[in-house]
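Peer 1: This is the structure I want to talk about, given as structure tokens.
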Amino acid sequence: MQNQDYNVVVFHNTKNLPNEKVKKEKNFSAEISQKNRNIESDDYTIPKVDLQIKQKIINARCSKGWSQKQLAEKTNLKLNIINSYEKGDVVADRQILNKIGRALGTNL
């Protein structure tokens, strides 16, 4: 008993915490639940390639006289990826857009 070290442990109730800290925690959890509701709802759509970007790719490719296959070869991408970007069926990937833009000499 003489060699034991006893430390006093104090537990605090959240009612004793400053109101700001409790409010921040509640607001954060409310934001997360709101985002989850938006994602889980049927109204949520995944953003795909913008119409302006599609048009820029098509116009730049046609002005160089390239087919989709030639653009795919110049960018080392598959033909179906180029086709999907021009149709707007995919979620835009910044790296792929940069590759296409460099090959065509334009900013996307």
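The values are calculated or read from the model by the stated rules, or taken from the named source; none is laboratory data. Here the structure is a predicted model, which is why all the values come from computation and not from measurement. Cβ sites come from the backbone with ideal geometry, for glycine too, and all protein chains shown count toward neighbours.
Peer 1: Cβ contacts < 6 Å: first residue free of Cβ contacts under 8 Å to residues at least 24 places away in the same chain, restricted to region 93-104; second residue part of a loop (DSSP other than H, G, I, E, B), any location; separation 6+ or different chain. Result?
Peer 2: Gly101/Asn107; Gly101/Leu108
Peer 1: State yes or no: is Lys74 closer than 23 Å to Ile46 by Cα, in contact (Cβ under 8 Å) with a residue 12 or more places away in the chain and either out of contact with any Leu (no Cβ under 6 Å at 6 or more places or on another chain) or part of a helix (DSSP H, G or I) (or both)?
Peer 2: Details: closer than 23 Å to Ile46 by Cα: no; in contact (Cβ under 8 Å) with a residue 12 or more places away in the chain: yes; either out of contact with any Leu (no Cβ under 6 Å at 6 or more places or on another chain) or part of a helix (DSSP H, G or I) (or both): yes.
Taking the combined requirement at face value, the residue does not satisfy it.
Peer 1: Filter region 50-71 down to the residues that are in a helix (DSSP H, G or I) and among the small types (Gly, Ala, Ser), then identify the one that is farthest from Gln95 (Cα to Cα).
Peer 2: So the first thing to find is which residues in region 50-71 are in a helix (DSSP H, G or I), and the list is 51-64, 68-71.
Then drop every residue that is not among the small types (Gly, Ala, Ser), which leaves 60, 63.
Details: Ala60: 18, Ser63: 23 Å.
In this case the residue turns out to be Ser63.
Peer 1: Okay, moving on. How many residues are in contact with a helix residue (DSSP H, G or I) (Cβ under 8 Å, 6 or more places away or on another chain) and part of a helix (DSSP H, G or I) if we restrict to region 77-101? Spell out the reasoning first.
Peer 2: Step one: filter region 77-101 for residues in contact with a helix residue (DSSP H, G or I) (Cβ under 8 Å, 6 or more places away or on another chain), giving 77-79, 81-83, 85-88, 90, 92, 96-97, 99-100.
Next cut, part of a helix (DSSP H, G or I) only: 79, 81-83, 85-87, 96-97, 99-100.
Final tally of qualifying residues: 11.
Peer 1: I'm checking my understanding of the structure. Among residues of region 86-107 that are closer than 12 Å to Ile53 by Cα and more than 17 Å from the chain's Cα centre (by Cα), which one is surrounded by the most Cβ atoms within 10 Å (Cβ to Cβ)?
Peer 2: Across region 86-107, the extreme among qualifying residues is Ile100.
Peer 1: So, Gln34, is that one at pLDDT 85 or above and assigned to a helix (DSSP H, G or I) or not? If you could, list the steps in order and put the result at the bottom.
Peer 2: On the way: at pLDDT 85 or above: no; assigned to a helix (DSSP H, G or I): yes.
No; evaluated as a whole, the condition is false for this residue.
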